[in-house]
Each structure stands twice: as structure tokens, then as C-alpha cells.
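What follows is a short report on a single structure.
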Amino acid sequence: MTENQASAGMTPLAKQPSIARTYDGFLKGKEHYLDEDAVVDELLGILPQLQKAALANAAFVPRAIHAASEHGVRQFLNLGCGLPSTTGSTTLEIARQFQDDPRVVYVDSDRQVAVHGRALLEAEDSAIMVEADVRDSDVVLAEASRLVDFDLPVAVIAAAIAHFWTDQDDPGAVLRRYVDRCSAGGFVIFTHARGDLLPRDLLGEGVAAYAKIAAIYPRSIEAIAGFLDGFELLEPGLVEASQWRPRHEVKDEVGPAHFLAAVARFGPAPAEGR
């Protein structure tokens with residue numbers, strides 16, 4: 001905690017249970033603490049292959065960014081961005097491999113993520129960090145419009161976030177509030193924890209263990225597909241994350257508790273190429 005944070009009355013960042021740090025633990029990162037470690041260990045005791053599933057989810061996102069970039073998208077709105085992944089580059093770095101002068105807006109409600117993100121982006125004019133709840137789309141879009149031109153195609157990244165929203169939050173409606181702002185079309189890069197392949201008691205144990213960090217709502221493939229109703233899914237559709245256009249033969253079995261992934265087109269089709 002910095003002197004400025006103390007003078008502003010902020011609580012120490014590490015004291016707050018953190019979804020981002022827990023995910024970092026699954027990704028074998030270094031930004032997690034004892035509370036998150038305990039939950040990760042407990043979950044792996046219940047679902048041993050969950051770490052492989054998380055790594056597969058993280059590896060899907062760069063491939064999806066590549067796919068959107070091939071269709072001419074150079075603006076990315078990363079909702080619930082979390083901490084920088086230890087398994088690869090940032091969204092901005094990935095986009096720069098495929099597009100000249102991309103623009104990225106990172107969004108997260110976790111103060112540690114926001115502080116970390118602003119520090120990384122201090123000398124960067126192609127990306128900004130927005131500290132906000134993704135469900136508060138009016139706030140997020142107003143901030144994002146400082147960098148993103150919503151009259152040009154946008155890729156909305158909503159990876160591993162919708163399973164933290166209740167049915168009352170209506171994850172599909174949250175996504176559509178962002179999509180509706182993108183008048184030139186674009187893509188939704190989407191992943192969600194799947195729970196319908198697990199025995200009910202095992203699913204319950206896993207959800208209860210994660211509740212020490214946050215409430216989580218793994219869903220069935222039918223429910224997850226419903227959030228993407230009306231979108232055009234790029235091939236191969238909604239699949240386990242490691243199966244979405246893998247660059248190499250997939251050798252590791254991720255198990256029944258995994259992430260479903262898709263890239264969905266909406267609005268006018270962006271032109272392919274750079």
C-alpha cells in the first residue's frame with residue numbers, strides 16, 4: 001500500500017479477496033496470496049484438472065484476438081481483464097502482432113488490477129485502464145469512448161467473467177449493452193465456466209470452495225449458448241477452450257470442469273485483412 005493510498009483512506013489491496021489473484025494462482029503466476037492459494041489448493045483437491053482448464057482458457061484468448069484482427073478489428077474492449085497473464089502477452093501486445101496501431105481499453109472492478117494496470121500503461125497512449133464494474137455499462141462505455149471510436153469495429157472480450165453474474169444480472173443482456181454501442185459491428189470473444197458435466201455433489205463442493213473468494217455460477221452448455229443467441233459464431237462454434245482453433249495438437253485432457261469458448265460476430269462484417 002503506497003503513502004498516497006493510505007492518505008486517501010484506501011484499504012490494503014492484498015487484504016481483499018480477489019478473483020483476479022485466484023485466477024493468477026491457477027495460471028501459476030506470482031500475484032496471489034495465502035487466502036487465494038488455499039482456495040486454489042482446495043479446488044484442485046476437488047477438481048484436479050481445473051488448472052489445465054484455466055490454462056486452456058487463457059491460451060484461447062490470444063487465438064481469438066488473432067481471429068478478430070484478421071477481420072480488420074483494431075479496437076479491443078477487455079471486460080474483466082484481470083492481472084496480466086503469465087502465460088503470454090497482454091491484449092495490446094497480442095493485437096500489435098496483427099494490427100498497426102491497435103487500441104485497447106482494459107476494465108476491471110478489482111482495485112489491485114486497476115492500480116497494476118495504470119502503472120503498466122503510464123507511458124502508453126494506445127491503451128487505458130478503467131476501474132469499474134462491467135455490469136455498469138454506461139460508466140464503462142463513457143470512459144472507453146475516450147480511446148475507442150465506436151463507429152469503427154470493436155472486439156468485446158468477455159473471458160471468464162459472465163459466470164460471476166447471476167441469472168438476475170442477465171449475462172446476455174450485459175453483453176448486448178456493449179454490442180449495441182458498436183455501430184460498425186465486431187466480435188465478442190467469450191468464455192464461461194461449464195458445470196453440467198459434473199456430478200451435482202462435486203459441482204456443489206467446487207462452488208462452495210470458490211465462495212470463499214466470490215460467488216460463481218458455472219452453467220450448462222445450453223445456458224451458455226443462450227447468451228450468444230443472435231450472434232454468428234465463427235467456426236468451430238462454442239467448444240471447450242483448448243479445442244477452439246488450436247495451433248498444435250491438444251494432448252492434455254482438461255476434464256469435465258472446463259471453460260466453453262467462442263468468437264461471435266455481430267453487426268456489419270468487418271473487412272478482412274489489415
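If only one of Ala193, Ala261 is assigned to a strand (DSSP E or B), touching a Pro at 6+ places or on another chain (Cβ under 7 Å) and not charged (D, E, K, R), which one is it? Give the steps one after another, and end with the answer.
On the way: Ala261 fails: touching a Pro at 6+ places or on another chain (Cβ under 7 Å).
Only one candidate passes the filter, namely Ala193.
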Does Ala215 qualify as being exposed (fewer than 13 other Cβ atoms within 10 Å of the Cβ) and touching a residue at least 40 places away in the same chain (Cβ under 8 Å)?
yes
With surrounded by fewer than 22 Cβ atoms within 10 Å (Cβ to Cβ), acidic (Asp, Glu) and within 21 Å of Leu47 (Cβ to Cβ) as the only criterion, which of Glu222, Glu232, Glu205, Glu249 stands out?
Glu205
For Val73, only one of the following conditions fails: (1) in a loop (DSSP other than H, G, I, E, B); (2) under 30 Å from Ala209 (Cβ atoms); (3) in contact (Cβ under 8 Å) with a residue 60 or more places away in the chain; (4) of a type in the set (A, V, I, L, M). What is its number?
(2)
Find the residue count for segment 141-162, including only residues that are surrounded by fewer than 20 Cβ atoms within 10 Å (Cβ to Cβ), assigned to a loop (DSSP other than H, G, I, E, B) and not small (Gly, Ala, Ser).
6
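Residue by residue, here is whether (1) modelled with pLDDT under 95; (2) farther than 15 Å from Thr191 by Cβ; (3) crowded, with 20+ Cβ neighbours inside 10 Å; (4) charged (D, E, K, R) holds:
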site: Ser18; (1), (2), (3), (4): yes, yes, yes, no
site: Arg21; (1), (2), (3), (4): yes, yes, yes, yes
site: Asp24; (1), (2), (3), (4): yes, yes, yes, yes
site: Leu79; (1), (2), (3), (4): no, no, yes, no
site: Asp100; (1), (2), (3), (4): yes, yes, no, yes
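Hey, does segment 124-135 have a residue that's among the polar types (S, T, N, Q) and over 14 Å from Cys81 (Cα atoms)? Can you show your working first?
Step one: of segment 124-135, the residues among the polar types (S, T, N, Q) are 126.
Filter once more, keeping what is over 14 Å from Cys81 (Cα atoms): 126.
Yes, segment 124-135 has at least one match.
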What are the residues in segment 119-140 that are at pLDDT below 95, surrounded by 14 or more Cβ atoms within 10 Å (Cβ to Cβ) and either assigned to a helix (DSSP H, G or I) or out of contact with any helix residue (DSSP H, G or I) (no Cβ under 9 Å at 6 or more places or on another chain) (or both), if any?
Leu120
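The values are calculated or read from the model by the stated rules, or taken from the named source; none is laboratory data. All of these numbers come straight from a predicted model, not from anything done at the bench. For neighbour counting, all protein chains shown are included, and Cβ atoms are generated from backbone atoms with ideal geometry for every residue, glycine included.
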